Amino acid sequence: MHWPKNLNKAIKTEINLAGYTNFRIGGRAKYFFEPKNLKELQQALVSAKRADLRVFILGAGSNILVSDTGLTGLVIRLSHKDFRKCRCQGSCLVAGGGLKLNALISFSREKNLSGLEFLAGIPGTLGGSLMGNAGAWGKAIGELVSRVGVLDYNGKLKLLGSKQLKFAYRKSNLNNYIIIWAKLKLLAGKKKVMAAKIKEYLLRRKQTQGDHLPNAGCIFKNPTCGSAGRLIDSCGLKGKAKGGTVISKLHANFILNTGKAKSGDVLSLMDLMQRKVRERFKINLEPEIKIWK
Ligand SMILES: Cc1cc2nc3c(=O)[nH]c(=O)nc-3n(C[C@H](O)[C@H](O)[C@H](O)COP(=O)(O)OP(=O)(O)OC[C@H]3O[C@@H](n4cnc5c(N)ncnc54)[C@H](O)[C@@H]3O)c2cc1C
């Protein structure tokens, strides 16, 4: 593979991805790159395109399952400070796609800007959260977005306004883009009130999800008729184990890595959950996590 000279050293090979995921599962990436700026990112995309190399954009790795056999493509992580900036623009925030949600929430609280509190405790980046329209407690991040700056996989910069953006339950129309930054509409708020809300959301999360072993959050999306967790629980699957994985006893839509989980263990538990729910309720559970193979 020929990379531009200036990127040759920075693009690493055979990097173990398990440590970059919340699940702590996964094999190696053939190529792994953390660009320092937009230009480097564009250069890498152009080279990958030319070589027909598949590109994976990694956020905080909190919603993915990486195959143990690894990935033959290029994994790009927007971890550099250029992709984690945040600034106010009136009552809006403009933030980088690589910024973690907890940092975004802290920044908005410091600036007395309210609206993001419901996202407290979701361990993702802004980019990953926009991609899957992350949400909780009846709200989702897409409701706050007015503009997104993206790159397409040819490295071409585009600006998407609210009319071009589409968000629905755990999905967006951003699949063919790399999210570089987004503008979020917030409201004036009071630090103390916001801090209390955040505390309450974190507590509710702890009560319903527990302190866990490594996991990737909810495995399946909720079907229109209700909660995927409740359906799985009704099939008596809480505590069911496979290899190094177990279905959480607290939240049946969580699979936990008990130590030496393999991606195949997760997939077979997922298969069991889907099969039992289909047999009993005639409902097809759709994965919320993204499976990288
Ligand atoms: C304990 C726990 C609790 C959770 N609770 C919730 C919850 O309440 N609500 C909820 O919605 N989710 C929840 N999640 C899931 C997850 O945290 C969110 O989906 C989060 O938004 C994913 O962001 P990420 O940066 O980790 O994305 P990743 O897992 O790294 O990637 C997810 C997808 O987004 C893509 N992506 C990432 N960054 C970019 C980018 N900059 N541009 C383009 N594509 C990108 C990836 O390619 C991949 O397809 C939870 C997860 C855990 C582990």
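Nothing in this text is a laboratory measurement; each read-out follows from the coordinates by a stated rule. A quick note: this is a predicted structure, and the numbers were derived from the prediction, not measured. Here the Cβ is made from the backbone with ideal geometry for all residues, glycine too, and neighbour counts use every protein chain on show.
Remarks
- Distance from the alpha carbon centroid of the range 216-283 to that of the range 92-166 works out to 28 angstrom.
- Neighbourhood net charge (12 Å Cβ-Cβ; Lys/Arg +1, Asp/Glu -1) for ALA103: +4
- Over the residues of the chain, the helix contribution to mean residue ellipticity at 222 nm works out to -8000 deg cm²/dmol, using -39500 (n - 2.57) for each DSSP H run of at least 4.
- Gyration tensor verdict on the range 84-193 (Cα atoms; rounded if a/c is under 1.5, prolate if a/b is larger than b/c, oblate otherwise): prolate
- Cβ-based charge dipole, the chain, positive-most Cα from THR208, VAL55, MET273: THR208
- Cross-linked pairs LYS5/LYS36; LYS81/LYS191; LYS111/LYS171; LYS183/LYS221: Cα-Cα separations exceed 18 Å for LYS81/LYS191; LYS111/LYS171; LYS183/LYS221.
- Helix runs (DSSP H) in the chain reaching 15 Å along axis by Cα, Kyte-Doolittle at least -0.5: 38-50, 263-281
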